[in-house]
Amino acid sequence: MKKIFFAALLLTTVLVNAQKNIYESDKFDDLTDNHEVLAIIPFLANLELKDDISKEELRTLEQKEGYAVQNALETYFSRRKKKKKFSVEFQDVKNTNAILAQNNIDYNTIDVYTTKQLSEILGVDGIISGNMDLNVLLSKGIPTEFSFMDYFSGDANYGRIGVKISDGTTGKLLWKYEKKINKKSGKNTTDLIDRMMKLAARKFPYDREKRKDRKQK
């Protein structure tokens with residue numbers, strides 16, 4: 001009985017902390033009333049690895065991590081979409097990246113374009129983007145074994161990730177979710193995104209039921 005109680009308490013604490021790291025614009029409903037399609041673009045990664053590698057190699061690894069998050073988010077939304085959870089569609093990331101390439105936009109230049117410009121180029125209503133700071137290669141998988149001493153050595157912390165959604169017409173920030181990455185976050189990029197988005201599911205603004213409830217109030 002005690003184990004069940006503590007497990008429930010831990011889950012509640014995790015969920016509460018997840019909600020604290022979420023921002024939603026008070027104009028979300030007005031700005032997204034006609035939203036139909038969102039595009040997920042590669043995330044901007046900043047790696048601080050202990051390995052002695054060249055700047056060129058580091059940039060290549062950062063790019064790999066950025067695309068890994070893009071793919072992981074698409075996987076998450078695709079799975080949830082089967083349950084009819086969302087009020088919008090998500091552009092296939094292969095199409096997103098192909099259109100960007102056709103317009104001479106790659107990982108190294110995507111951050112010089114505004115949300116409004118990218119939305120117009122991609123033909124979508126909004127952009128899902130983000131950034132992350134890592135001291136490990138999350139896409140390769142990370143150790144999940146945890147010990148109390150990890151807190152003191154710093155080996156439990158791998159960085160931080162931020163996911164945001166911006167309106168394509170105005171460029172305004174609509175929603176943002178930030179989370180620290182540690183040994184309990186997930187064993188790889190797909191696992192991390194799946195876990196963190198599930199924690200934020202109740203606060204995800206494009207949830208079909210959530211939007212329906214808000215309109216009825």
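Can you pull out the residues in region 62-93 that are part of a helix (DSSP H, G or I) and among the aliphatic types (A, V, I, L, M)? Don't jump to the end; show me each part of the working.
Going residue by residue through region 62-93, those that are part of a helix (DSSP H, G or I) are 62-81, 93.
Across region 62-93, the qualifying residues are ALA68, VAL69, ALA72, LEU73, VAL93.
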Legend entry - Residue in region 147-162 that is out of contact with any Leu (no Cβ under 6 Å at 6 or more places or on another chain), assigned to a helix (DSSP H, G or I) and at pLDDT 90 or above present: no
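For region 18-61, which residues satisfy the criterion of being among the small types (Gly, Ala, Ser) and either assigned to a strand (DSSP E or B) or modelled with pLDDT of 85 or more (or both)? Walk me through it before giving the result.
Taking region 18-61 first, the residues among the small types (Gly, Ala, Ser) are 18, 25, 39, 45, 54.
Residues satisfying the conditions are SER25, ALA39, ALA45, SER54.
The rows are residues; the columns are (1) among the small types (Gly, Ala, Ser); (2) part of a loop (DSSP other than H, G, I, E, B); (3) within 25 Å of GLU209 (Cα to Cα); (4) out of contact with any helix residue (DSSP H, G or I) (no Cβ under 6 Å at 6 or more places or on another chain).
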position	(1), (2), (3), (4)
ASN95	no, no, no, yes
ILE99	no, no, no, no
ASN104	no, yes, no, yes
TYR107	no, yes, no, no
ASP111	no, no, no, yes
LYS116	no, no, no, yes
SER119	yes, no, no, yes
VAL124	no, yes, yes, yes
ILE128	no, no, yes, yes
Inset, instruction - Among what's in region 173-192 and is at pLDDT 90 or above and aliphatic (A, V, I, L, M), pick the residue that is surrounded by the fewest Cβ atoms within 10 Å (Cβ to Cβ). - result: LEU173
Inset, instruction - Return yes or no: is ASP111 in contact with a Gly (Cβ under 8 Å, 6 or more places away or on another chain) and either at pLDDT 85 or above or buried (at least 18 other Cβ atoms within 10 Å of the Cβ) (or both)? - result: no
Inset, instruction - Kindly check whether there is at least one residue in region 132-143 that is in contact with a Lys or Arg (Cβ under 7 Å, 6 or more places away or on another chain) and hydroxyl-bearing (Ser, Thr, Tyr). - result: yes
Inset, instruction - List every residue pair whose Cβ atoms sit under 7 Å apart, with the two residues 6 or more apart in sequence or on different chains, where the first one lies in region 37-60 and is under 25 Å from TYR76 (Cα atoms) and the second, anywhere, is assigned to a strand (DSSP E or B) and of a type in the set (Ser, Thr, Tyr). - result: ILE41/SER129; PHE43/SER129
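If you check ILE165 against the conditions, is it closer than 13 Å to THR32 by Cα, buried (at least 20 other Cβ atoms within 10 Å of the Cβ) and modelled with pLDDT of 90 or more?
Yes: the conditions hold for ILE165.
Restricting region 59-108 to residues that are among the β-branched types (Val, Ile, Thr) and surrounded by fewer than 17 Cβ atoms within 10 Å (Cβ to Cβ), which is farthest from THR32 (Cα to Cα)? Spell out how you get there, then give the answer.
The initial filter retains those residues of region 59-108 that are among the β-branched types (Val, Ile, Thr), namely 60, 69, 75, 88, 93, 96, 99, 105.
From the residues that got through so far, the ones that are surrounded by fewer than 17 Cβ atoms within 10 Å (Cβ to Cβ) too are 60, 75.
On the way: THR60: 35, THR75: 23 Å.
That would be THR60.
The values are calculated or read from the model by the stated rules, or taken from the named source; none is laboratory data. No experiment lies behind these values; they were computed from the predicted model shown. Every residue, glycine as well, gets a Cβ built from its backbone with ideal geometry; the counts of neighbours run over all protein chains shown.
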